Amino acid sequence: LLLALPIYNNFALSVVMMSAFYCGATTVLIDRFDARKVLDAIKEHRCTYFAGTPTMYSYLLSEYKEGHDDVSSLQIVNSGGANFPLEVLREFEKTFDCIVMDGFGHTEGCGFSTLQPRVGVRKENSVGTPISDIYIKIVDDNGNEVPVGQVGEIIEYGNVFSIHGYINAPEKNAEVYRDKWFYSGDLGYVDTDGYLYIAGRKQELIITGGQNIYPSEVEEVLYTNPKVALAAVIGIPDKIKGELAKAYIVLQKGESAEEQEIIDYVRARMAKFKAPRMVEFVDSLPQGPTGKILKRELKERVLKEIE
């Protein structure tokens, strides 16, 4: 078994390396994620597994050259850290002929809390079911469990979650750890089979005219547009509606688009009030060490412009 893993933080590195040591696997390390380096490593070392974020998979698809890049050894990839757009997931599985096991979890829980099964029912847009010894509930703002199919905050409990909390942060601990349950700050819902679906971060929820807009839902539609390489949707202040949705888009190489074209594209595929009211085309989006798009930086940029 070979593993191709970009070193994107010490936690991810230690978790995957310990798993590799446990099963006697060889690990191929890359100092910083680079799509070309990853593709070359898979080809050279015949890697069977890769762990990354959704943004990384978008870059791998853009960089992949059929006939040059041999990725036939790849069997399974894991994704986490952000919502994996369905269109990107489908294209990656088709192009790389491997299984994408999307999941959900936190550093506080030592990695994945839920995971799509390798064998069995794999539901589109879901991040799977809880792994062994992990329990999940969906609750409202008062901590009461909500009905199946209703969106609420995801809370988790299990032996892997620290009972000590954050060091020297009593106020944060009181907010996040309640009756041994970890309040994730993520929104989602479960279906009748117990599969979890992510709606987005609680703090990223856009409320426009009293209606809820989940950015990940809008981003899913944007990624179905063949011109779109990367997309991020945030809420910006508005005196009348409270907030308006704004989309930041990185286009595919050689593509061009107009703002109204993108807005109309979304409106034709979902409720009109959910479509972004404005679109800004950018060359790149701010990303953290893991490749996760940093929406807070986009939000801070907008607030500074307003000020």
Some residue of segment 260-283 being more than 26 Å from Gln211 (Cα to Cα) and among the hydroxyl-bearing types (Ser, Thr, Tyr): no
Search result, residues across segment 106-115 that are modelled with pLDDT under 90 and either aromatic (Phe, Trp, Tyr) or open to solvent by 10 Å² or more (accessible area, probe 1.4 Å) (or both): His106, Thr107, Glu108, Cys110, Gly111, Phe112
Count of segment 98-119 residues which are touching a residue at least 60 places away in the same chain (Cβ under 8 Å) and either assigned to a strand (DSSP E or B) or not acidic (Asp, Glu) (or both): 7
Residue list for segment 265-281, restricted to those being closer than 15 Å to Glu217 by Cβ and open to solvent by less than 60 Å² (accessible area, probe 1.4 Å): Tyr265, Val266, Met270, Ala271, Lys274, Ala275, Pro276
Cβ pairs under 7 Å, 6+ apart, first in segment 22-38 and in a strand (DSSP E or B), second among the β-branched types (Val, Ile, Thr): Leu29/Ile7; Ile30/Ile7; Ile30/Val38
Subset of segment 125-140 [modelled with pLDDT of 90 or more, over 17 Å from Gly80 (Cβ atoms) and either open to solvent by 50 Å² or more (accessible area, probe 1.4 Å) or out of contact with any Phe, Trp or Tyr (no Cβ under 7 Å at 6 or more places or on another chain) (or both)]: Tyr135, Lys137, Val139, Asp140
Subset of segment 90-105 [open to solvent by less than 30 Å² (accessible area, probe 1.4 Å) and touching a strand residue (DSSP E or B) at 6+ places or on another chain (Cβ under 7 Å)]: Phe92, Cys98, Val100, Met101, Asp102, Gly103, Phe104
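Any residue in segment 52-64 that is in a helix (DSSP H, G or I), over 28 Å from Lys227 (Cα atoms) and either modelled with pLDDT of 85 or more or open to solvent by less than 70 Å² (accessible area, probe 1.4 Å) (or both)?
The answer is no; no qualifying residue exists.
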Matching strands (runs of 3 or more DSSP E) fully within segment 168-237 where at least 2 residues are open to solvent by less than 50 Å² (accessible area, probe 1.4 Å) and in contact (Cβ under 8 Å) with a residue 60 or more places away in the chain: 181-190, 196-201
Breaking point among (1) exposed (fewer than 14 other Cβ atoms within 10 Å of the Cβ); (2) closer than 30 Å to Ala35 by Cα, for Tyr248: (1)
Arg296 being among the charged types (D, E, K, R), over 19 Å from Thr53 (Cα atoms) and open to solvent by 70 Å² or more (accessible area, probe 1.4 Å): no
Filter result (under 25 Å from the mean Cα position of the chain (by Cα) and assigned to a loop (DSSP other than H, G, I, E, B)) within segment 258-275: Ala268, Arg269, Met270, Ala271, Ala275
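The values are calculated or read from the model by the stated rules, or taken from the named source; none is laboratory data. Quick caveat, the model's predicted, so the values are computed rather than measured. All Cβ positions, glycine included, derive from the backbone under ideal geometry; neighbour counts span all protein chains shown. Note: areas computed on protein heavy atoms with side chains; ligands, DNA, RNA excluded. Shrake-Rupley method; radii C 1.70, N 1.55, O 1.52, S 1.80 Å.
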